[in-house]
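The values are calculated or read from the model by the stated rules, or taken from the named source; none is laboratory data. In this text the structure is predicted, and so the values were computed from the model without any measurement. Note that each Cβ is placed from the backbone with ideal geometry, even for glycine, and that neighbours are counted across all protein chains shown.
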Amino acid sequence: MGEKLVRIYELVTEKTGLKGRLELAVRTGISMSQAVDVEDTEELVHRFKHAASDIYETLCGKTAP
């Protein structure tokens, strides 16, 4: 469970550091430790991807690859 959400967390952390990871938790309402236990629903994955793209653009000044 939560494999996609955890992978998004890993990518955000890799690209933007702890600041991005914390921002993702704030925007999604789900911490990385909670993401492990949450089911990867289409809605959640979409919300995480959208938030991750916004965070990447804000912190790195680029659009996500």
Looking across segment 1-35 at residues that are at pLDDT 95 or above and in a loop (DSSP other than H, G, I, E, B), the single one that is surrounded by the fewest Cβ atoms within 10 Å (Cβ to Cβ) is Gly29
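Looking only at segment 27-43, count every residue that is among the aliphatic types (A, V, I, L, M) and over 11 Å from the mean Cα position of the chain (by Cα) and tell me the total.
Here the count works out to 2.
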Taking segment 20-63 and the residues there that are in contact (Cβ under 8 Å) with a residue 24 or more places away in the chain and of a type in the set (Gly, Ala, Ser), the one that is nearest to Met1 (Cα to Cα) would be Ala35
Those residues of segment 41-62 which are surrounded by 12 or more Cβ atoms within 10 Å (Cβ to Cβ) and not in a helix (DSSP H, G or I) amount to none
